[in-house]
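Report on the structure given below.
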Amino acid sequence: MGDSAIDLVFVLDKSGSVSNTDFKLSLEFVKETVKAFTDVSANVRFAIITYSRHAEIETHYGRPSQVNQVCRNIRRRTYGPTATRRALDEVRDNFLLDNRHCYNCTAPTERPPDKDFFTYPCPSCYDTCPSNDCPDCGSTLLFLVTDGKSNWAGDPRHAAKCLKASGIEIFSVGVTSNINIAELRDIASEPLHSHLYLIRNFEDALQLVFLAKKQFK
């Protein structure tokens with residue numbers, strides 16, 4: 001098991017085009033992914049954003065031991081349109097790496113006692129690290145779980161492009177039997193064969209967890 005930080009950000013579509021069964025499958029996928037990545041790194045955190053017409057932060061970087069409780073507390077309150085761009089903008093505004101929260105860039109006298117204040121690393125530190133494999137160099141993985149049918153608040157492709165340019169790795173995970181694969185493809189990071197998946201049942205979800213985890217072992 002390594003010490004490099006891994007931040008898992010789950011963006012879950014709860015709009016009207018996603019059935020209750022598929023939304024529950026999304027939550028099972030979250031739980032299994034978080035548990036699986038604790039075998040990869042001792043420094044895993046997770047965040048969950050759900051969205052329909054608006055985006056809602058369900059948890060802002062919790063620890064793996066909290067994932068079951070957080071998922072149990074998530075409720076579908078609306079069944080509105082699909083504002084994927086708004087959800088990705090929420091990631092940009094609340095989870096994007098910057099040197100104000102980078103342990104390397106913050107002077108010792110300015111560091112708060114709670115190390116969870118920090119996100120590892122800011123882009124400049126990551127780019128200059130000779131190995132990108134030290135404890136202060138981490139990865140932010142975003143799992144977008146949706147049917148790819150954005151129909152509110154604009155096209156999500158530009159928002160996804162900005163996140164990828166800042167170093168966030170995006171996995172597009174298609175749910176439901178009626179998916180807009182073109183949108184999912186445009187949002188996902190390259191190469192597509194390891195960042196674009198469709199899940200129809202719990203077994204598919206477990207297979208995706210295995211494949212995603214395998215890339216980081």
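Looking across segment 167-176 at every residue that is in contact with an Asp or Glu (Cβ under 9 Å, 6 or more places away or on another chain) and either without any contact (Cβ under 8 Å) to a residue 12 or more places away in the chain or not hydrophobic (A, V, I, L, M, F, W, C) (or both), the one that is surrounded by the most Cβ atoms within 10 Å (Cβ to Cβ) is identified as Ser172.
Among the residues of segment 14-44, the ones that are within 22 Å of Leu88 (Cα to Cα) and either free of Cβ contacts under 8 Å to residues at least 40 places away in the same chain or touching a helix residue (DSSP H, G or I) at 6+ places or on another chain (Cβ under 7 Å) (or both) come to 11 in all. Only one entry in Leu8, Leu97, Leu25 is at pLDDT below 85, crowded, with 19+ Cβ neighbours inside 10 Å and either in a helix (DSSP H, G or I) or in contact with a strand residue (DSSP E or B) (Cβ under 8 Å, 6 or more places away or on another chain) (or both), namely Leu97.
The values are calculated or read from the model by the stated rules, or taken from the named source; none is laboratory data. If you're wondering where the values come from, they're calculated on a predicted model, not measured in any experiment. For neighbour counting, all protein chains shown are included, and Cβ atoms are generated from backbone atoms with ideal geometry for every residue, glycine included.
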